[in-house]
1. Return yes when Thr207 is under 30 Å from Ala123 (Cβ atoms), in contact (Cβ under 8 Å) with a residue 40 or more places away in the chain, open to solvent by less than 10 Å² (accessible area, probe 1.4 Å) and more than 16 Å from ligand 2 (Cβ to nearest atom) and no when it is not.
2. What number of residues within the stretch 12-71 are outside any loop (DSSP other than H, G, I, E, B), aliphatic (A, V, I, L, M) and surrounded by 22 or more Cβ atoms within 10 Å (Cβ to Cβ)?
3. Filter the stretch 72-103 for residues that are away from ligand 1 (no atom under 16 Å from the Cβ), more than 20 Å from Tyr35 (Cβ to Cβ) and open to solvent by 10 Å² or more (accessible area, probe 1.4 Å) and give the result.
4. I'd like the full set of residues that are small (Gly, Ala, Ser), away from ligand 1 (no atom under 16 Å from the Cβ) and either within 17 Å of Arg227 (Cα to Cα) or assigned to a strand (DSSP E or B) (or both), limited to the stretch 164-214.
5. Any idea which of Ser112, Ser124 is out of contact with any Pro (no Cβ under 9 Å at 6 or more places or on another chain), within 16 Å of ligand 1 (Cβ to nearest atom) and more than 20 Å from Leu65 (Cα to Cα)?
6. Return yes or no: is Leu164 open to solvent by less than 30 Å² (accessible area, probe 1.4 Å), more than 15 Å from Lys138 (Cα to Cα) and at pLDDT 95 or above?
7. Quick one: count up the residues across the stretch 223-239 that are in contact with an Asp or Glu (Cβ under 8 Å, 6 or more places away or on another chain) and not acidic (Asp, Glu).
Amino acid sequence: RATEDAMRARGVRVVRGADVPKIVTTFEEASFPAYVMDDLKERGLATPTPCQCQAWPIALSGRDLIAVAETGSGKTLAYVLPAIVHVNAQPVLEKGEGPIALVLAPTRELASQIELEVAKFAASSEIKHACVTGGVPKGPQIKALKSGGSEICVATPGRLIDFLDGGQTNLRRTSFVVLDEADRMLDMGFEPQIRRIIAQTRCDRQTLLFTATWPVEVREVAREFIRNDPVEMRVGGAG
Ligand code: ADP
Ligand code: MG
């Protein structure tokens, strides 16, 4: 009760969804596995952000999530840590299988920042990752995708479509999908690519959408792709 009031005072609220998992206030309460806790300690982070306090229990329970949260609210770790936990709970990749977790982001710069964050938490469980974006040579990206597989792939939609069409990777095993900065991806005209990408992921996937703004275009895409018993949350004045 006190916790919820404190979080509401900090602008976190759930606007849709039944039986929403209880908000957490500490890293311990989120019940991350020990390997994640060790990495968190190493990072020296003291407390989760309000966005993380609400997003983690939802994402870790396997629910779909729509999070409308202002820039700087800590959205990256809100999905990166659940992605790591999800990947570790899946059977290992067989030869020729593409990523288990896929993060789509609008720009190369953002994708590489996200991959850096992934790298910090992937090492301890030996999860492999790849960054697939335009504007850089394809060779090393293909190598990262193929050499023993990459469980987590951070991608911009255009280059990923190139690799899917070219058979350099596939999404047969992809059961955790994140659309980060969904509003910017739509502004940049990526909707057709996103639709084609999502169509190739597993039907039983978990899908999370993060956005700083909540215009009608984003609402429509969210309604189309985030439909497995979703929870919709807001942080701050966003949306
Ligand atoms: P957003 O995607 O919502 O704009 P980011 O995920 O980029 O936000 O995080 C913004 C900044 O806050 C980053 O520098 C990140 O490292 C930092 N950060 C994230 N989570 C925490 C936390 N729990 N405690 C302190 N700093 C954090
Ligand atoms: Mg972000």
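The values are calculated or read from the model by the stated rules, or taken from the named source; none is laboratory data. Please read all numbers here as calculations on a predicted model, not as lab measurements. All Cβ positions, glycine included, derive from the backbone under ideal geometry; neighbour counts span all protein chains shown. These area figures cover heavy atoms from the full protein model, side chains too; ligands, DNA and RNA do not enter into them. Shrake-Rupley method; radii C 1.70, N 1.55, O 1.52, S 1.80 Å.
1. Against the criterion (under 30 Å from Ala123 (Cβ atoms), in contact (Cβ under 8 Å) with a residue 40 or more places away in the chain, open to solvent by less than 10 Å² (accessible area, probe 1.4 Å) and more than 16 Å from ligand 2 (Cβ to nearest atom)), Thr207 qualifies.
2. Initial filter on the stretch 12-71 (outside any loop (DSSP other than H, G, I, E, B)): 12-16, 34-43, 50-60, 65-69.
In the following step, the residues that additionally are aliphatic (A, V, I, L, M) were identified as 12, 14-15, 34, 36-37, 40, 55, 58-60, 65-69.
This time we only want the ones that are surrounded by 22 or more Cβ atoms within 10 Å (Cβ to Cβ), so: 12, 55, 58-59, 65-69.
Looking only at that region, the number is 9.
3. Of everything in the stretch 72-103, those that are away from ligand 1 (no atom under 16 Å from the Cβ), more than 20 Å from Tyr35 (Cβ to Cβ) and open to solvent by 10 Å² or more (accessible area, probe 1.4 Å) turn out to be Glu94, Lys95, Gly96, Glu97.
4. Our first condition is that a residue be small (Gly, Ala, Ser); within the stretch 164-214, this holds for 166-167, 175, 182, 189, 199, 212.
So of that shortlist, the ones also away from ligand 1 (no atom under 16 Å from the Cβ) come out as 166-167, 175, 189, 199.
Those that are small (Gly, Ala, Ser), away from ligand 1 (no atom under 16 Å from the Cβ) and either within 17 Å of Arg227 (Cα to Cα) or assigned to a strand (DSSP E or B) (or both): Ser175, Ala199.
5. Details: Ser124 fails: within 16 Å of ligand 1 (Cβ to nearest atom).
Result: Ser112 is the single residue among Ser112, Ser124 that is out of contact with any Pro (no Cβ under 9 Å at 6 or more places or on another chain), within 16 Å of ligand 1 (Cβ to nearest atom) and more than 20 Å from Leu65 (Cα to Cα).
6. Working: open to solvent by less than 30 Å² (accessible area, probe 1.4 Å): yes; more than 15 Å from Lys138 (Cα to Cα): no; at pLDDT 95 or above: yes.
Here the answer is no, as Leu164 does not meet what is asked.
7. Step one: list which residues in the stretch 223-239 are in contact with an Asp or Glu (Cβ under 8 Å, 6 or more places away or on another chain), which gives 226-231, 235-238.
Filter once more, keeping what is not acidic (Asp, Glu): 226-228, 230-231, 235-238.
Of the residues in that region, 9 qualify.
Residues checked against (1) small (Gly, Ala, Ser); (2) free of Cβ contacts under 8 Å to residues at least 12 places away in the same chain:
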site: Pro137; (1), (2): no, yes
site: Gln141; (1), (2): no, no
site: Arg159; (1), (2): no, no
site: Ser175; (1), (2): yes, no
site: Ala212; (1), (2): yes, no
site: Pro230; (1), (2): no, no
